[in-house]
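Structure first, commentary second.
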Amino acid sequence: RFNTGQDGDVARRFVELEDWARRNLPVTEPVWRWCNEDYDTPDRMAYVGEPDPEQAPGYFVATGFNAWGISNGTAAGLGIARQIVTGRRPWASLYDPRRPMPDDFNQSGDSQSEVDDLQAIGVGQGGVISRGDDKIAAWRDDAGNLHGLSAACTHMGCTVTWNNADRTWDCPCHGSIFQADGEVIHGPAREPLARRAL
């Protein structure tokens with residue numbers, strides 16, 4: 001388990017899992033590798049209810065199930081339906097989307113793939129380099145050509161991190177994922193990373 005954009009070496013996790021599988025199971029080589037992104041909340045309790053009952057009454061959310069969406073999504077739907085019909089919902093405060101975050105919540109907006117020099121970026125790899133106050137997400141394609149993008153996620157500006165397993169740019173703040181060329185794969189970002197000269 002790792003947080004999107006907050007691990008500088010995702011490929012290592014696959015190697016460790018494959019090593020464990022070979023030691024403990026009758027397997028040889030992996031057929032495929034993939035990561036999955038599940039929404040979670042800082043306190044691990046889903047958000048269920050009205051995020052802003054004054055500005056948007058009757059608008060409900062149900063998210064942050066951390067891979068338990070089938071069971072918890074069903075329970076959330078039943079709770080929201082009960083609130084709509086009766087005006088009450090058991091345990092509403094526990095799942096309130098407006099509840100405060102825990103004091104020890106750590107949401108890093110820092111990139112885990114900063115490099116000092118473009119020469120440090122190998123073929124098929126990426127890194128974030130600083131140019132004055134600007135941060136550039138640089139990646140080297142399989143032909144060895146270097147490409148530059150803005151390292152600021154187009155959702156809220158956090159600095160992206162290179163995911164060396166999927167060859168993507170991942171945002172450590174809200175989980176947006178971009179292709180190596182900056183195109184959006186997964187939101188909340190809607191716009192691609194802007195191209196930058198190197």
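Within segment 42-79, being β-branched (Val, Ile, Thr) and free of Cβ contacts under 8 Å to residues at least 24 places away in the same chain holds for ILE70, THR74. Filtering segment 82-128 to residues that are modelled with pLDDT under 90, surrounded by fewer than 12 Cβ atoms within 10 Å (Cβ to Cβ) and outside any loop (DSSP other than H, G, I, E, B) leaves only SER93. Scan segment 144-156 and give yes if some residue there is more than 29 Å from GLN179 (Cβ to Cβ), out of contact with any strand residue (DSSP E or B) (no Cβ under 6 Å at 6 or more places or on another chain), without any contact (Cβ under 8 Å) to a residue 12 or more places away in the chain and not basic (Lys, Arg), otherwise no. No, segment 144-156 has no match at all. If you go through segment 7-32 and keep only what is in contact (Cβ under 8 Å) with a residue 60 or more places away in the chain and either exposed (fewer than 11 other Cβ atoms within 10 Å of the Cβ) or touching a Ser or Thr at 6+ places or on another chain (Cβ under 6 Å) (or both), you end up with just GLY8.
Assess whether GLY73 counts as being of a type in the set (Gly, Ala, Ser), surrounded by fewer than 16 Cβ atoms within 10 Å (Cβ to Cβ) and assigned to a helix (DSSP H, G or I). Spelling it out, GLY73 is indeed of a type in the set (Gly, Ala, Ser), surrounded by fewer than 16 Cβ atoms within 10 Å (Cβ to Cβ) and assigned to a helix (DSSP H, G or I). Among the residues of segment 162-198, those identified as in contact (Cβ under 8 Å) with a residue 60 or more places away in the chain, under 17 Å from ARG33 (Cα atoms) and outside any strand (DSSP E or B) are ASN164, ALA165, ASP166.
The values are calculated or read from the model by the stated rules, or taken from the named source; none is laboratory data. All figures in this text were calculated on a predicted structure; none of them were measured in a lab. Here the Cβ is made from the backbone with ideal geometry for all residues, glycine too, and neighbour counts use every protein chain on show.
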